[in-house]
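Structure record follows, encoded as structure tokens.
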Amino acid sequence: MPDSDEALTASASSVSRPFERIDLASPPAVGPLYLRSLIDRRPASLAQSGLAGRIEARIREVTPAAAALERYQDVCGFRPSPWLPISFPHVLAAGMHLRMLLSPAFPVRLPGLVHVWHEIEQNQPIPAGAALHIESWIDGAALTNRGAEFCLHTVVSSDGGTAWRERTGFLARSKGPALAADAQPGAAQTPDAAATGDAPFTVVARYPLQANLGRRYARASGDYNPIHLFRVTAKAFGFKAAIAHGMWSLARCASALLAEDASNVRITVNFKRPLMLPTTTLLEAGPADQNRHFRLRSADGKTTFLSGRMECI
């Protein structure tokens, strides 16, 4: 990649699909990018004949700020530790991810994208003060009967070796006729964390969630998506109330079920229903073995917000 902060866009004559490479010396500010997203004029869905391009990005070096890390640990339930929480590298990459989703090479607008699944692999615990190199890419889309699904890949390196990686699944819903199931170049298969076998679930924790949870997580993570902040801003996007961040839900489960220095572990979650605030949730989990299933449910047990599994790799 070029040694500059400029984004390079390939011409249509050199590639058959849109392409952009983004090179960043440090993470971009998230706030201005969210403001840009609110005036986005791209379509909300991908047409059957549309093409999703390839976008590559990197942050050359970032070191976690101690104050930001403390806020994140507090809101997500992680204990103070010399290691980064397993979900925290996602926060470090968030500004770069927004920049990628706002790229002209990405075919749909950011508002309306639904975070439907997430997968994190950690090879080794990352020291809290480590200097990190982060790379991400999106390549193509999977066309499903619900719409177009995009996979955002991220890899975090420390001391020259890969320590952490994630895949993030987004859905751009189709309001017209169902898209024919197909995979464009680079599209990734959706993981399924829902299959639980016959393992019994027991209640691990009960979480009363206040109406300000979305604002607290936004201050810790930089994710100021309006659907998470206030009832009035969530209503503008079709929700009855502010909804909890999906990544808060994942992080809260991880902080309860995983050791701070976890290594060679994979977490996979499917987001099932919006978690509207305020409410009370139950974290339930199966036996603590090498393939442990868990879920976040309503207090009455009638609604599952998140289902997931943790496994050794």
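Might you let me know whether the stretch 56-78 holds any residue that is at pLDDT below 85 and more than 25 Å from Ala254 (Cα to Cα)? Scanning the stretch 56-78, I find no residue that is at pLDDT below 85 and more than 25 Å from Ala254 (Cα to Cα), so the answer is no. Considering the stretch 232-245, the residues that are exposed (fewer than 14 other Cβ atoms within 10 Å of the Cβ) and not small (Gly, Ala, Ser) include one that is nearest to Leu113 (Cα to Cα), namely Phe237. Going by the structure shown, is Thr268 touching an Asp or Glu at 6+ places or on another chain (Cβ under 9 Å), open to solvent by less than 60 Å² (accessible area, probe 1.4 Å), more than 26 Å from Pro82 (Cβ to Cβ) and at pLDDT 95 or above? It is true that Thr268 is touching an Asp or Glu at 6+ places or on another chain (Cβ under 9 Å), open to solvent by less than 60 Å² (accessible area, probe 1.4 Å), more than 26 Å from Pro82 (Cβ to Cβ) and at pLDDT 95 or above.
Screening the candidates Ala66, Ala52, Ala44 for the property of being in contact (Cβ under 8 Å) with a residue 12 or more places away in the chain and open to solvent by 60 Å² or more (accessible area, probe 1.4 Å) yields one hit, Ala66.
Please verify whether Arg273 is open to solvent by 10 Å² or more (accessible area, probe 1.4 Å) and part of a loop (DSSP other than H, G, I, E, B), treating the condition exactly as stated. So Arg273 passes the test.
Of the residues that make up the stretch 276-288, is at least one out of contact with any Asp or Glu (no Cβ under 6 Å at 6 or more places or on another chain), within 19 Å of Val114 (Cβ to Cβ) and open to solvent by 60 Å² or more (accessible area, probe 1.4 Å)? Within the stretch 276-288, one or more residues are out of contact with any Asp or Glu (no Cβ under 6 Å at 6 or more places or on another chain), within 19 Å of Val114 (Cβ to Cβ) and open to solvent by 60 Å² or more (accessible area, probe 1.4 Å).
Looking only at the stretch 246-265, count how many residues are buried (at least 17 other Cβ atoms within 10 Å of the Cβ) and free of Cβ contacts under 8 Å to residues at least 60 places away in the same chain. Final tally of qualifying residues: 3.
Can you tell me which of (1) touching a helix residue (DSSP H, G or I) at 6+ places or on another chain (Cβ under 8 Å); (2) surrounded by 18 or more Cβ atoms within 10 Å (Cβ to Cβ); (3) under 30 Å from Asp159 (Cβ atoms) is the one Tyr34 doesn't meet? With respect to (1) touching a helix residue (DSSP H, G or I) at 6+ places or on another chain (Cβ under 8 Å); (2) surrounded by 18 or more Cβ atoms within 10 Å (Cβ to Cβ); (3) under 30 Å from Asp159 (Cβ atoms), Tyr34 is out only on (3). Counting residues in the stretch 140-154 that are in contact with a Ser or Thr (Cβ under 8 Å, 6 or more places away or on another chain), open to solvent by 10 Å² or more (accessible area, probe 1.4 Å) and touching a residue at least 40 places away in the same chain (Cβ under 8 Å) gives one or more.
Table: residues versus (1) of a type outside the set (Val, Ile, Thr); (2) outside any loop (DSSP other than H, G, I, E, B); (3) surrounded by fewer than 20 Cβ atoms within 10 Å (Cβ to Cβ).
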site: Glu70; (1), (2), (3): yes, yes, yes
site: Met96; (1), (2), (3): yes, yes, no
site: Ala105; (1), (2), (3): yes, no, no
site: His115; (1), (2), (3): yes, yes, yes
site: Ile120; (1), (2), (3): no, yes, no
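On the stretch given as the stretch 78-94, residues that are surrounded by 17 or more Cβ atoms within 10 Å (Cβ to Cβ) and more than 18 Å from Arg165 (Cβ to Cβ) total 1. Figure legend. Inter-residue proximity from the stretch 119-133: first residues closer than 22 Å to Arg71 by Cα and charged (D, E, K, R), second residues surrounded by fewer than 22 Cβ atoms within 10 Å (Cβ to Cβ) and at pLDDT 95 or above, beta-carbon distance below 7 Å, spacing 6+ or different chains. No pairs are indicated.
If you go through the stretch 115-160 and keep only what is among the aromatic types (Phe, Trp, Tyr) and more than 19 Å from Ile59 (Cβ to Cβ), you end up with Trp117, Phe150.
Each row is one residue, and each column tells you yes or no for (1) within 21 Å of Ala68 (Cβ to Cβ); (2) at pLDDT below 95; (3) of a type in the set (D, E, K, R).
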| position | (1), (2), (3) |
| --- | --- |
| Ala187 | no, yes, no |
| Val203 | no, no, no |
| Pro226 | no, yes, no |
| Asp261 | yes, yes, yes |
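Quick one: would you say Asp198 is out of contact with any strand residue (DSSP E or B) (no Cβ under 7 Å at 6 or more places or on another chain), at pLDDT below 95 and crowded, with 16+ Cβ neighbours inside 10 Å? When the stated conditions are applied, Asp198 does not pass them.
If the condition is being at pLDDT below 95, part of a strand (DSSP E or B) and polar (S, T, N, Q), then the stretch 276-297 contributes only Asn291.
The values are calculated or read from the model by the stated rules, or taken from the named source; none is laboratory data. Here the structure is a predicted model, which is why all the values come from computation and not from measurement. All Cβ positions, even for glycine, are placed from backbone atoms using ideal geometry, and neighbour counts span all protein chains on display. Accessible surface is based on the protein model in full, side chains and every heavy atom, while ligands, DNA and RNA are left aside. Shrake-Rupley method; radii C 1.70, N 1.55, O 1.52, S 1.80 Å.
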